[in-house]
Amino acid sequence: MKKLRLQSESGFTLIELLVVVAIIGILAAIAIPQFAAYRKLGHEAQVKSDLRNGAVAQEAYFAQNSTYKAASSAWVGGASATVPGFNPTNGVTVTSAVATNAFTLTATHTNCTAVSWTFSSTNGQIAGPIGGCP
């Protein structure tokens, strides 16, 4: 009789199900903060990339016109920029400040509005917050 009963039983015990749920919970607790951190790094990379591309566009404009292009307004991602050949990424806003022989680009991301990154043509470096996007 016991043999028939063991063969007809199927399914998981409550303990097995609780162990699986606990393991999934632990993995989710680890993965979700990591995903958020990688997302912030992605926003920061978009801003830095747009600053580099904007600097290249400014230098190309300078090579043709012997002056840097002053921005009449902020260059917003998705819209055509005032510097030919440069369109910021969606969500990134770039502003330009032009001096006689130098320029400074400042950029922010819509998901990181509390911080901004700056590119200066005098030293060719991007400066920004140490912690990146909060």
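Extent of the chain along each principal axis, from alpha carbon coordinates, in Å, largest to smallest?
So the three principal-axis extents are 97, 27, 20 Å.
Just want the answer: with Cβ charges of +1 for Lys and Arg and -1 for Asp and Glu, which residue in Ala22, Val76, Asn123 is farthest toward the dipole's positive end in region 13-127?
Asn123
Readers should treat all values here as calculations from the given coordinates under stated rules, not as data from a laboratory. Note that the coordinates shown come from a computational prediction; the quantities given were computed from them, not determined experimentally. Cβ coordinates were reconstructed from backbone atoms using ideal geometry, including for glycine residues, and neighbour counts include every protein chain displayed.
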